[in-house]
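What follows is one structure encoded as structure tokens, with my remarks underneath.
The values are calculated or read from the model by the stated rules, or taken from the named source; none is laboratory data. Owing to the predicted nature of the structure, the values given are computational and were not obtained by experimental measurement. Please note: Cβ atoms are built from the backbone with ideal geometry, for glycine as well, and neighbour counts cover all protein chains shown.
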Amino acid sequence: MTALEVQGLDKSFGGLRVTSNVDLAIEPGERRLIIGPNGAGKTTLFNLITGELRPDRGTVRLFERDITRVPSRRRAHLGIARTYQIITLFPGETLLRNVVLSLLGLSRMRWNPVGRLERQTALIEHAHAALARVGLDHLAGRRLAQTAYGERRRVEIAMALAQAPKVLLLDEPFAGLSIDERRDVRELLAAIPREVTIVMIEHDMDVALDFAERITVLHFGEVVIEGTRAEVVAHPRTREIYLGE
Amino acid sequence: MNISLLLAANSIAFGGLLFLLSAGFALIFGLMRIPNLTHGSLFMLGAYFGVSLIALGMSFWPAAILAAFGVAAFGGLVERLLLRRLPGNELAQVLVTLGLSFMIADACLMWWGGDPISIETPRALRGATFIAGLGFPTYRIAVIVVAVAFAAALWGLLDRTRLGAMIRAGVDAPEMARVVGIRVSRLFTIVFCLGAGLAGFAGVIGGPILSVYPGLDQDMLPLALVVVILGGSGSLIGSVIGSFVVGFLYNFGQAMLPELAYVVLFLPMLVVLVLRPQGLFGRAAP
Amino acid sequence: MKRLALAAALVLLATVPFWIGNSYYTNIAAQILLYAVFALGLNVLVGYAGLVSLGHAGLFGIAAYAGALFINAGAGHLLAILGALGVTLVASAAFAVLALRGTGLGFVMITVALGQIVWGVAYRWISITNGDNGVSVATRPAPFGLSLATAPGFYWATLIVFLVTLGAIAVFAASPFGTGLRGTRDQPRRMNALGYNVWLIRFLSFLFSGLWSGVAGMLFLYYNQFVSPQVVALTSSAEVLLMVISGGTGTLLGPIAGAALVVIMKNVASAYIERWNFVLGAIFVAIVIFMPEGLVPGSVRFWRWTRAWLRPRASRPVPVIAPAPQPKKRA
């Protein structure tokens, strides 16, 4: 049984074919890297998987279940979590509150208009634990706007992990990070247990290389190369695509 | 049947007047992406300017033109001093135009008083003209002619001149226009002046038909809104068609369903807004 | 410290009829409170949901008209109030379904269209609404036999309603639902990805907001014992929006301060300044341009700036490149 499977996925905007007959099969626990030059359609693919975009053709399956028609807000409940290329968190709220919001999204409690959020101790402890997991619990009370970019990236990952996802989609998690920050994130990702299947988009191959087990290369919306890390790195077409830029 | 014909003729004339009012609104909306909520009060301001100029002895048409320039200048000030301070923040700009509309309306009340003032139909255009044995008020026919003339002139401006090309570029592809070097902010000022001037001119032209009174702005603004929403923003043909549709809806609605006159007018607008939420306001969602 | 201030405020509010002078001022105080209810309700949408409505006077007016019509048809006050609120909720649902088709400016314009339709019906459907002549209501309610016909009596009733409103909205804001609502204001796309049903959250909040507008509408009806189409005009929607914006949308105090500002200006200032609408418009423009976050936060910012400026040179912090927001030190 595959964890995440995509078949014949197509998406066009006006005359532009952004995703072209994409097939993808990701095994449970796998670490898949999706790379490709800018404009290859990587983020669009993610948006199709999470349901923010509707495909023109094709199916998306999560653990064999067809979720193509499932609205995007339900997919979080089915076990998909994602991060974004540009960090879109809640700058006016504290780090703790940011994580609480992501936990609340999956809880029945989000419909409660009378209880005090501050009093939901279980939720808050859970949030603290999630922050601790990425080493940021000591900043729990700080406003997001007053943290460094690298810290925000880790908060975002904490929020995604707090959702206890089965499939985690990371969209360029290393973008904009310093060398130290990249090392922190790399360690974080390495520590994620195998219950979570991870798919990562990266633009820069060097950065994500040791993370990947299998690599899919996208170009102009199509899958052009796919295989193990060694295979893809050695493939002449890979160099062509990147050096040709 | 005579009454229907008369209503129809009045509707066409009213449509012509609405076109003069709405064309400016549509241009401003298409280029600057804001519904200019001062537009009704600019119409009224122009009408009041016309009243004063005529009272000073000027004859009708020169007064109308001078009033138009006056309102255009005022519009320019508004754009440069106020709207420019909120670049890109369309919601704030709309709120500013709303606040301004209150200020202008009250200022007019202060200066010209609360009684309705009528503008006399220019002498040459009084009376009726007979077409196919039926008499139509000459002035209304003149309004239609003026509206058509302006429509042609605007079309010429947009289609044949460099300024027009820049405006069309700004409406259709604003980011591209900037990249290509079009000074979009200066264009905004020009278009706002143009729109304001048209509204002011329309106010004077409408004087003999509607007269000038406090509250005229609140009567006219919603009509301009409906025209642009039905006809599409930034589209000249859309404004023409929309103006006549609204002219007819308004007049026939008042005559046949007086109790639901406004509903007849706003329901289509609501329907269009609801069915095409992205197409009209704001840029397409990312 | 905060508790003490709140208690003091409560005492002040409760004793208003005794220290404020005469019944004219008591009435103004009652007006401030009733518009504060309206503004607090609108702020649920504008401040917490990030949805600006220019049609809320429509809901306010629907409640007042419905109440008036029920009362004049013979219903008792309690039934009329419940009926009016019920009608308002239905109308709010209709408004919400239509307006939520748009976002940002589209939402605003749809609310404008809806407000205009309500106004058109109020103005033209004379057989029901009496058009420009309006509808009068002969009496105010007398709950538990206590008369609300006097200024102090009505004031205290309004105060109680205001406190209930304030409490309800404060609870709402601090709740998980309220926090989620603010999340949809800041990052609707992210909230969707986190599993929230953004449309439904906004819809329910619209209903909540409409409910309080309806409550305010009934208070208005009983205060004036009269309702006319002017109540649902665009200027009325603009006025309540001004109350919310001028006070500050992020807080509970903001809409209350805004309501006080607008009502005082309207009633008291208009004795000295002839043209109220001009001033209203000018304040609107000034606030949108210079203090977009509203008077309450803006004043706080201004106060901090003044204090920093007044500090002797030596201890004034030297700004580096751009002043970063200082982390707040709590006492």
Within the stretch C:1-22, the residues that are without any contact (Cβ under 8 Å) to a residue 40 or more places away in the chain and in contact with a Ser or Thr (Cβ under 8 Å, 6 or more places away or on another chain) are C:Ile20
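Yes or no, residue by residue, for (1) surrounded by fewer than 21 Cβ atoms within 10 Å (Cβ to Cβ); (2) over 29 Å from C:Phe284 (Cα atoms):
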| position | (1), (2) |
| --- | --- |
| B:Ile28 | no, no |
| B:Met32 | no, no |
| B:Leu37 | no, no |
| B:Leu56 | yes, yes |
| B:Leu66 | yes, yes |
| B:Ala73 | yes, no |
| B:Val78 | no, no |
Can you tell which of A:Glu156, A:Glu181 is of a type outside the set (Ser, Thr, Tyr) and either in the same structural domain as A:Met1 (by TED's automatic domain parsing) or surrounded by fewer than 19 Cβ atoms within 10 Å (Cβ to Cβ) (or both)? A:Glu181
Would you check which residues across the stretch B:104-130 are in contact with a Gly (Cβ under 6 Å, 6 or more places away or on another chain) and buried (at least 21 other Cβ atoms within 10 Å of the Cβ) and list them? B:Ile119
Starting from residues that are over 23 Å from C:Ala93 (Cα atoms) and part of a loop (DSSP other than H, G, I, E, B), keep the ones in the stretch C:186-198 and report whichever is farthest from the other protein chains (Cβ to nearest Cβ). C:Gln187
Condition test on C:Leu59, is it touching a His at 6+ places or on another chain (Cβ under 6 Å), closer than 30 Å to C:Asp132 by Cα and surrounded by 18 or more Cβ atoms within 10 Å (Cβ to Cβ)? no
Screening C:Gly55, C:Gly67, C:Gly86 for residues that are within 18 Å of C:Pro141 (Cβ to Cβ), modelled with pLDDT of 90 or more and touching a Leu at 6+ places or on another chain (Cβ under 6 Å) leaves only C:Gly67
Just checking, does the stretch C:89-109 include any residue being over 22 Å from C:Ile201 (Cα atoms), among the small types (Gly, Ala, Ser) and assigned to a helix (DSSP H, G or I)? no
Return the total of residues in the stretch B:94-149 being over 19 Å from the mean Cα position of the chain (by Cα) and not in a helix (DSSP H, G or I). 21
C:Ser205: in contact (Cβ under 8 Å) with a residue 24 or more places away in the chain and within 14 Å of chain B (Cβ to nearest Cβ), yes or no? no
Kindly indicate whether A:His203 is in the same structural domain as A:Lys11 (by TED's automatic domain parsing), within 17 Å of the chain's Cα centre (by Cα) and at pLDDT below 90. yes
Of the numbered conditions (1) within 12 Å of chain C (Cβ to nearest Cβ); (2) surrounded by fewer than 17 Cβ atoms within 10 Å (Cβ to Cβ); (3) of a type in the set (Ser, Thr, Tyr); (4) closer than 30 Å to A:Asp10 by Cβ, A:Thr83 satisfies every one except a single condition; which is it? (2)
Can you find a residue that is closer than 23 Å to C:Val171 by Cβ and among the aliphatic types (A, V, I, L, M) anywhere in the stretch C:68-79? no
Among A:Pro55, A:Pro91, which is more than 9 Å from every other protein chain (Cβ to nearest Cβ), in contact with a strand residue (DSSP E or B) (Cβ under 8 Å, 6 or more places away or on another chain) and assigned to a loop (DSSP other than H, G, I, E, B)? A:Pro55
Taking A:Leu218 and the conditions (1) in contact with a helix residue (DSSP H, G or I) (Cβ under 9 Å, 6 or more places away or on another chain); (2) under 30 Å from A:Phe90 (Cα atoms); (3) not polar (S, T, N, Q), which numbered condition does it fall short on, given that it satisfies the others? (2)
Report whether or not B:Arg140 is in contact (Cβ under 8 Å) with a residue 24 or more places away in the chain and within 14 Å of chain C (Cβ to nearest Cβ). no
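To keep it simple, each residue is scored yes or no on (1) basic (Lys, Arg); (2) outside any helix (DSSP H, G or I); (3) surrounded by fewer than 21 Cβ atoms within 10 Å (Cβ to Cβ).
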residue: C:Ala149; (1), (2), (3): no, yes, yes
residue: C:Tyr155; (1), (2), (3): no, no, no
residue: C:Ile160; (1), (2), (3): no, no, yes
residue: C:Val164; (1), (2), (3): no, no, yes
residue: C:Val171; (1), (2), (3): no, no, yes
residue: C:Thr184; (1), (2), (3): no, no, no
residue: C:Leu200; (1), (2), (3): no, no, yes
residue: C:Leu204; (1), (2), (3): no, no, yes
Selection from the stretch A:27-43 of residues away from chain C (no Cβ under 14 Å) and out of contact with any Lys or Arg (no Cβ under 6 Å at 6 or more places or on another chain) yields A:Glu27, A:Pro28, A:Glu30, A:Arg31, A:Leu33, A:Ile35, A:Pro37, A:Asn38, A:Gly39, A:Ala40, A:Gly41, A:Lys42
Does B:Leu91 qualify as being out of contact with any strand residue (DSSP E or B) (no Cβ under 7 Å at 6 or more places or on another chain), farther than 19 Å from B:Leu223 by Cβ, modelled with pLDDT of 90 or more and within 12 Å of another protein chain (Cβ to nearest Cβ)? no
Search result, residues across the stretch C:237-270 that are among the β-branched types (Val, Ile, Thr) and in a helix (DSSP H, G or I): C:Val240, C:Val244, C:Ile245, C:Ile256, C:Val262, C:Val263, C:Ile264, C:Val268
Looking at this structure, is A:Ile157 under 22 Å from the mean Cα position of the chain (by Cα) and at pLDDT below 90? no
Just give me the residues in the stretch A:97-143 being at the interface with chain C (Cβ under 8 Å from one of its Cβ atoms) and touching a residue at least 60 places away in the same chain (Cβ under 8 Å), in sequence order. A:Ser102
